[in-house]
Amino acid sequence: MPEFPIEISFRNMDHSDYVEADVREKIAGLERFYDRLHYCRVIVEALHRRGHKGRLYDVHITLGVPGPDIQVSRTGPLDHAHEDVYVAVRDSFQAATRMLEDHVRKARGKVKTHEAPLHGTVARMSEREGYGFITTSDGLDVYFHENSVVNGKFSDLEAGSEVNLVIAEGEGVDGPQASTVKLIGKHHPVG
């Protein structure tokens with residue numbers, strides 16, 4: 001069992017020993033992957049939905065690591081698969097694992113560095129499934145997940161959106177995968 005402080009809380013729902021056990025198992029998996037975690041905070045939240053059947057769940061994770069904390073929070077469109085709290089937990093911990101892998105690569109100096117960020121255009125998206133593909137300026141087709149969008153929401157993107165991206169080394173099983181996607185070229189009103 002992990003040797004660092006763990007805080008698990010539930011919002012807008014009753015405490016569940018089964019969900020807590022699932023969360024603790026996933027935290028232990030993170031510790032096996034990276035043994036320098038300082039703490040882990042997890043909030044399992046039932047979202048309020050008016051006029052819809054079934055509740056959606058959101059899972060927020062904060063990992064204390066050397067340097068800035070790693071934070072995972074849902075930012076994309078609502079996914080009906082997250083009507084199952086265990087699917088929401090799984091998806092959030094998968095995102096946390098990807099971010100932790102990026103952190104480890106940076107700490108080891110194994111991150112590709114570019115003088116200028118890699119540039120691309122969103123080629124196609126599956127909003128319902130929470131992923132898309134970006135075509136880079138050199139013609140490379142790169143997969144990205146909604147959790148890799150860092151300066152806005154997944155729903156802000158559409159085919160043709162210009163983005164900067166970072167490709168994660170060795171992460172995509174079927175080809176390159178973006179670990180970070182930043183929307184560029186749109187001006188948002190200040191107010």
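Filtering the range 75-104 to residues that are out of contact with any Phe, Trp or Tyr (no Cβ under 9 Å at 6 or more places or on another chain) and either modelled with pLDDT under 80 or not assigned by TED's automatic domain parsing to the domain that holds residue 39 (or both) leaves 78, 79, 80, 81.
Of the residues 20, 45, 7, the single one that is part of a helix (DSSP H, G or I) and either farther than 16 Å from residue 97 by Cβ or in the same structural domain as residue 93 (by TED's automatic domain parsing) (or both) is 20. Residues considered: 160, 172. Of these, the only one that is at pLDDT below 85, part of a loop (DSSP other than H, G, I, E, B) and of a type outside the set (S, T, N, Q) is 172.
The values are calculated or read from the model by the stated rules, or taken from the named source; none is laboratory data. Not measured: the values here are computed from a predicted model. Heads up, the Cβs are rebuilt from the backbone with ideal geometry, glycines too, and the neighbour counts pull from every protein chain shown.
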